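Colleague: Okay, handing you the structure first.
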Amino acid sequence: MNHDAPLLEVRNLVKHFHVGGGLFGGRAGVVRAVDDVSFSIRRGETLGLVGESGCGKTTTGRCILQLERPTRGQIVFEGRDLTTLGEDELRPVRRKMQVIFQDPYSSLNPRMTVGQIIAEPLAVHGIVPDPAQRAARVRELLGHVGLLPQHARRYPHQLSGGQRQRVGIARALAVEPALIICDEPVSALDVSIQAQIINLLEDLQAQFGLTYLFVAHDLSVVRHISDRVAVMYLGKIVEITDRKSLYDAPLHPYTKALLSAVPIPDPALEAQRERVVLGGEVPSALNPPSGCVFHPRCPIAVDRCRGEVPELREIRPGHRAACILA
């Protein structure tokens with residue numbers, strides 16, 4: 001295996017959903033959830049995927065995991081295009097790709113104990129066939145995520161939100177994956193607990209050499225954990241670069257608007273900085289605008305933006321943006 005090659009490459013990913021036409025069941029239209037998205041993630045790296053609700057972040061993650069089959073495009077993981085594999089071929093690959101879900105309340109089976117939840121993937125993939133060894137492995141995994149051995153006997157409803165999310169992380173770690181897709185893993189938690197979970201994810205990455213795709217809508221959360229950040233809007237990536245470049249010198253007007261909405265703890269600085277206020281609402285993915293999808297809300301849009309689809313091009317070394325005026 002070429003260790004210099006990216007662990008994951010997403011190439012021109014497209015995912016459309018056909019929407020029914022009500023009473024008579026005809027097709028009313030197509031939701032363009034993900035529209036020509038490309039990026040790569042190197043081993044040991046964290047790529048943050050940021051955008052408003054409904055922009056296609058979670059759908060992108062589900063397509064990578066093959067929980068949703070893409071309409072078009074390639075998803076190359078460890079040199080294999082997952083879109084060409086059948087269910088039997090995908091099974092061993094799924095052990096290497098895991099997910100931490102957004103909601104720690106609905107992602108755990110309420111009828112299973114914590115020990116059973118974490119042990120299930122070990123049994124399904126035949127990693128630890130012996131029940132006694134499996135119980136020992138569960139205790140080890142609980143220790144890795146900051147929980148006690150006695151938590152294995154409890155049910156999800158007996159745990160706090162932060163503890164439940166730690167169980168979800170332990171379940172993802174159980175099969176020793178190479179890539180973990182974190183689908184807004186802290187958005188349902190209190191702010192103080194969010195910091196604990198982010199620190200835990202960073203510690204586990206350093207300990208086990210994990211690679212993360214970190215999906216979020218909060219740029220302040222992504223700033224702490226990501227090496228690079230990709231910004232999505234209405235199914236498209238509009239900017240992608242390393243963390244420092246994005247926060248210090250954003251190029252796309254949408255990224256600038258997102259960053260201006262992140263509060264600054266210093267009241268003096270908060271009062272001085274320039275706010276970018278976007279007009280209107282996010283257009284429907286059923287009927288996206290022509291040209292640049294951001295032009296109806298863009299404060300610097302010109303007539304050319306209405307008819308020309310901007311290419312995601314490299315404007316500075318390692319810094320790409322989809323804006324004809326950047």
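Colleague: For VAL277, what charge total do you get from the other residues with a beta carbon under 12 Å from its beta carbon, if Lys and Arg give +1 and Asp and Glu give -1?
Modeller: +2
Colleague: Which distance in nm do the two modelled labels at ARG43 and ARG69 give, with both placed 7 Å along the Cα-to-Cβ direction?
Modeller: Going from the ARG43 label point to the ARG69 one covers 3.2 nm.
Colleague: So, one more: Please give the calculated 222 nm ellipticity per residue for the chain, where each DSSP H segment of at least 4 residues contributes -39500 (n - 2.57) and the sum is spread over every residue; nearest 500 deg cm²/dmol?
Modeller: -9000 deg cm²/dmol
Colleague: By count of other Cβ within 10 Å, fewest leading, how are ARG171, ARG137, ARG273 ordered?
Modeller: Listing ARG171, ARG137, ARG273 from fewest to most nearby Cβ atoms yields ARG273, ARG137, ARG171.
Colleague: How much net charge surrounds HIS157 when only other residues with a Cβ under 13 Å from its Cβ are counted (Lys, Arg +1; Asp, Glu -1)?
Modeller: Net of charged neighbours comes to +3.
Colleague: At 7 Å along the Cα-to-beta-carbon direction for both GLU52 and GLU120, put a label point, then send me their distance in nm to one decimal.
Modeller: In this crude label model, GLU52 to GLU120 measures out at 3.6 nm.
Colleague: Moving on. Enter the mean projected area of the convex hull around the alpha-carbon atoms of the chain, in nm², rounded to one decimal.
Modeller: Quarter of the Cα hull surface area: 19.8 nm².
Colleague: Give me GLU239, GLU140 ranked fewest to most by other Cβ atoms within 10 Å of their Cβ, as a rough exposure proxy.
Modeller: Fewest-to-most Cβ neighbours within 10 Å comes out as GLU140, GLU239.
Colleague: Something else: Quick one: putting +1 on the C-beta of Lys and Arg, -1 on the C-beta of Asp and Glu, what dipole do you get for the chain around its Cα centre, in Debye to the nearest 20?
Modeller: So the dipole magnitude of the chain works out to roughly 480 debye.
Colleague: Cross-chain or 8 or more residues apart, Cα under 17 Å: how many lysine pairs in the chain fit that? Count them up, please.
Modeller: 5
Colleague: Right, something else. Looking at the chain, do any whole DSSP H helices span at least 15 angstrom along their long axis by alpha carbon and average 0.5 or above on Kyte-Doolittle, and which?
Modeller: 114-124, 191-208
Colleague: Considering the zone a paramagnetic label at GLU176 would reach in this model (a point 7 Å from Cα along the Cα-to-Cβ line), which residues of region 84-127 have amide N under 12 Å from it?
Modeller: 96, 127
Bear in mind these aren't lab numbers, they're just calculated from the coordinates by the rules spelled out. Only a predicted model underlies this, so the values are computations on that prediction, with no experimental measurement involved. Here Cβ is always computed from backbone atoms with ideal geometry, including for glycine, and neighbour counts include all displayed protein chains.
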